[in-house]
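**Student:** I have a structure I would like to understand better, so I am pasting it below and will then ask my questions one at a time.
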Amino acid sequence: MKKILLLAAAAAYAAGVYAQGPNMVVNGNFENPAYEQSIPSGYTWDPWDKQNYLTVLPGWNLSTGGEWNGGIEVLTGDDWIGDGFTRPEDDLNVLRFIGFNDNGWTNVAITQVVTGLTPGTSYDFDYLVAARFPTAEETANNWAPDPNFGYAIAEVDKDAEGNEIAGKEIASANLASNSLWENGSIDMFNAGPVSFEAPADGRVFVRIYMANTYGDKNKKDNLWMLCDMVSIVDPNGDTGVEAAVATENAPVEYFNLQGLRVANPENGIFIRRQGSKVSKVVL
């Protein structure tokens, strides 16, 4: 049942992304190669020198509270190549948020001011997300973080120094309460879409975060969160006659519930994709 729910969510996400207009979020898929990350100095728990942390992510501001509070890194390579269904095949990178385990507190986030929106117009916000939650056994053994994985969209304001900050909130969600979460880790699913109305200045402040307060004596594995394909699109951006004709003329593809393409589907439940139209079918 869980896998069906995830694939249904993936189908909805794919339909939303491929049916709509251009993405207003800069570097929403994290494919810009100009990011910079390095291994922080002074770590005693990482003798293999493998743990990178971002210092520059094009289009985004990074908020980590210091290298001992948590970090964010780009994961790239063969393990992250898109499957052509939930993520495009040329999507190589995903973003990983990292929290610490040794009686630590984590509050890491990425933020971006998205501009160029038409005031009063309805837009859809979405992204793919996955995370690791504690299992029941871990919770029973004093691993009890306060789970907060989510997003916030707000109007753009300025602080006393003139820096752009989040103003009046427009939409937000703590995804830890989503019914798709289970103990342990799960596959990526879409956080939305959530619709919002663009403010009068045509700009919004977007924040995606992982914040957790760990319990005392916690010595368990780190928390992590993955995200990719952050988007703000006009739901009416590409729904005219030309888009409908393009979808109608597109080849039909079938996938099983593991997301693998099936040449001759029969006797089961499958995901059917034709152009921008995605649906679940029983054959």
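The values are calculated or read from the model by the stated rules, or taken from the named source; none is laboratory data. All values reported here derive from a predicted model rather than from experimental measurement. As a convention, Cβ positions derive from the backbone with ideal geometry for all residues, glycine included, and neighbour counts pool all protein chains shown.
**Student:** Does the stretch 44-75 hold any residues that are modelled with pLDDT under 90, surrounded by 13 or more Cβ atoms within 10 Å (Cβ to Cβ) and among the β-branched types (Val, Ile, Thr), and which are they?
**Tutor:** Of everything in the stretch 44-75, just one residue is modelled with pLDDT under 90, surrounded by 13 or more Cβ atoms within 10 Å (Cβ to Cβ) and among the β-branched types (Val, Ile, Thr), namely Thr64.
**Student:** Within the stretch 113-149, take every residue that is surrounded by 22 or more Cβ atoms within 10 Å (Cβ to Cβ) and within 20 Å of the chain's Cα centre (by Cα) and give me the one that is modelled with the lowest pLDDT.
**Tutor:** Filtering the stretch 113-149 for residues that are surrounded by 22 or more Cβ atoms within 10 Å (Cβ to Cβ) and within 20 Å of the chain's Cα centre (by Cα), the one modelled with the lowest pLDDT comes out as Phe149.
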